[in-house]
1. Can you compute 3J(HN,Hα) from phi for each residue in the stretch 27-39, using the Karplus curve 6.51 cos²θ - 1.76 cosθ + 1.60 with θ = phi - 60°, rounded to whole Hz and x for Gly and Pro?
2. What spacing in nm lies between the two simple spin-label points modelled at ALA125 and LEU169, each 7 Å away from Cα in the Cβ direction?
3. Quick one: Karplus J couplings for the stretch 183-190, per residue in order, coefficients 6.51, -1.76, 1.60, θ = phi - 60°, nearest Hz, x for Gly and Pro?
4. Quote the FRET efficiency, to the nearest 0.05, computed for VAL182 versus MET51 with a Förster distance R0 of 30 Å and r equal to the Cβ-Cβ distance.
5. At what distance in nm do the modelled label points of ILE34 and PHE109 sit from each other, each positioned 7 Å from its Cα along Cα→Cβ?
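Throughout, read-outs are computed from the coordinates displayed, never taken from laboratory work. The shown structure was predicted, so the numbers you read here are calculated from the model rather than taken from an experiment. Cβ placement follows ideal geometry from the backbone for every residue including glycine, while neighbour counts extend to all protein chains displayed.
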Amino acid sequence: MITGIPAGMLLKKKPGKAGTLLILVSGITLTAAIGLFFNRVVFTNITLNYMLMGVSFSAVFSNRIPQRQLEQTTTWFHPILGVSLLAAIVDLGAPLDYHLILGAGLYTFVYIASRVFGKYFGARAGARATHMPATVQKYLGLTLLPHSGVSLVFTGIVCSVLAASQPELSSLVKGTIAAAAVINEIIAVIAAKKGFELAGEIGGSSESGGSALTEKLS
């Protein structure tokens, strides 16, 4: 809120594309700097999550500007966001030791199986409870299976916490997620593509009501 409210007030003045991007980048940088200060100086036993700080900053300023302006701001910021996400994922994936994959076989299987089960049946139960079309109930879970970016973000957080006190567990987590990222991204991308095909969103076999799946994902 400390950074989000001033950012929202400045954005209300409609400073144009360059001004908007400057406000957003400055706000994100200041938010990260505040988090770094608290992690280094104030807190000693816990670590603030930079991703959640960024989400909080975005939630505050986005609720203080009109919807149309928010959509325009999002469009302007998309290129910066894409490059930032790519850099973050590469940075998080670089330390993973893929030699640990062979030692994490069982854990990798349990992780992938549990995640697939939870994603598919959780999405199906939610879609059924909200009375979504049959295509959404059947295939939404398949389209949600790809996940490497999210897994690498939280792997970095977990490993940084465990590195000092439980280095062996940190290595186990790295091996498990590294293996899961490789295996799951091969299987999940195919499954997601098939889900879109079966729902009629892209070329291939389809069922009626396909557009509902895209609306649900958006």
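1. Along the stretch 27-39, the couplings run x, 5, 4, 5, 4, 5, 5, 5, x, 4, 4, 5, 5 Hz.
2. Label at ALA125, label at LEU169, 2.7 nm between them.
3. Calculated HN-Hα couplings, in order: 5, 5, 5, 6, 6, 5, 5, 5 Hz.
4. About 0.85, to the nearest 0.05.
5. With each label placed 7 Å out from Cα toward Cβ, I get 4.8 nm.
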